[in-house]
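Just so you know, all these numbers are worked out from the coordinates, no wet-lab data involved. Keep in mind that this is a model prediction, so the values were computed, not measured. Note: ideal-geometry Cβ built from the backbone for every residue, glycine included; neighbour counts use all protein chains shown.
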Amino acid sequence: MLLRPLEPNSLAVESRALAQALIGCVLVSDAPEGRSAGRIVETEAYLPGDPACHAFIGKTGRNATLFGVPHRAYVYLIYGTSYCFNLASEADGVGAGVLVRALEPLHGVELMESRRGTRVLRDLCRGPGRLTQALGIGRGHDGANLFEGGRLWLAAPDRPPGRIRSSRRIGLTQAAARRLRYYEAGNPFVSGPRKLSPP
DNA sequence: AGGATGATCGTCT
DNA sequence: GACGATCATCCTC
């Protein structure tokens, strides 16, 4: 399978534009065990000054990469069990990011199955904690540059993305009404509700 | 030093 | 649909 590295500086910096631009792009993990990759089908934007954004409380040890240069990986542990993968967004110094919530498996399905402990294709990368486990992403990837051919990088879309829809973000207690979740319409690898939520 | 919290997942009913 | 696991992180003594 041909994977063409995404051109640096080709992605939007503004959080909502970035969240939409990432749909269809391919996230690639090159680990000692082999390559695994998936097509991004669902994202969420976390804006500057957004109470739901980890950066809202100010810069701390955990969230520092959200305040750094855009498009670096921000990875953190949630509920003591799962890692979430984000890209920092907005200008250097501004705390914001985009969470990647689901991938469509593209490459290295056997490796993903072994990491995930399931052979159900639809369950490999559907959900933020699942996709990080499938690709072997952990806290060690925090701060990674995704454009210099390292262990984790972004490739250009392998095909044009379908129509993008939006909805409320999932699992939030803060700012839950805002429609900052984006997903490819009709894609079975999208997590959570695939219908439009009420305005 | 101790307690509360959470952008989730898997299991059970 | 509901619930418990599990722990790094942050806040308050």
Across region A:21-52, the tally of residues that are on the phi < 0 side of the Ramachandran plot and over 11 Å from the mean Cα position of the chain (by Cα) stands at 16
State whether one or more residues within region A:135-146 are of a type outside the set (A, V, I, L, M, F, W, C) and more than 28 Å from A:GLY95 (Cα to Cα). no
Flag if A:GLY129 is in contact with a strand residue (DSSP E or B) (Cβ under 7 Å, 6 or more places away or on another chain), over 15 Å from A:GLU33 (Cβ atoms), surrounded by fewer than 22 Cβ atoms within 10 Å (Cβ to Cβ) and small (Gly, Ala, Ser): yes
Quick check: anything in region A:80-88 more than 10 Å from DNA strand C (Cβ to nearest atom) and among the small types (Gly, Ala, Ser)? yes
Any residue that is assigned to a loop (DSSP other than H, G, I, E, B), without any contact (Cβ under 8 Å) to a residue 60 or more places away in the chain and not small (Gly, Ala, Ser) - is there at least one of those in region A:10-31? no
Out of curiosity, is A:LEU77 within 8 Å of DNA strand B (Cβ to nearest atom) and over 10 Å from the mean Cα position of the chain (by Cα)? yes
Please verify whether A:ARG72 is away from DNA strand C (no atom under 14 Å from the Cβ) and over 12 Å from the mean Cα position of the chain (by Cα), treating the condition exactly as stated. no
Scan region A:32-69 residue by residue and report those that are outside any loop (DSSP other than H, G, I, E, B), within 16 Å of DNA strand C (Cβ to nearest atom) and under 19 Å from A:ALA175 (Cα atoms). A:TYR46, A:HIS54, A:ALA55, A:PHE56, A:ILE57, A:LEU66
Kindly evaluate A:GLU90 against the criterion of being surrounded by fewer than 24 Cβ atoms within 10 Å (Cβ to Cβ) and either of a type in the set (S, T, N, Q) or within 13 Å of DNA strand B (Cβ to nearest atom) (or both). yes
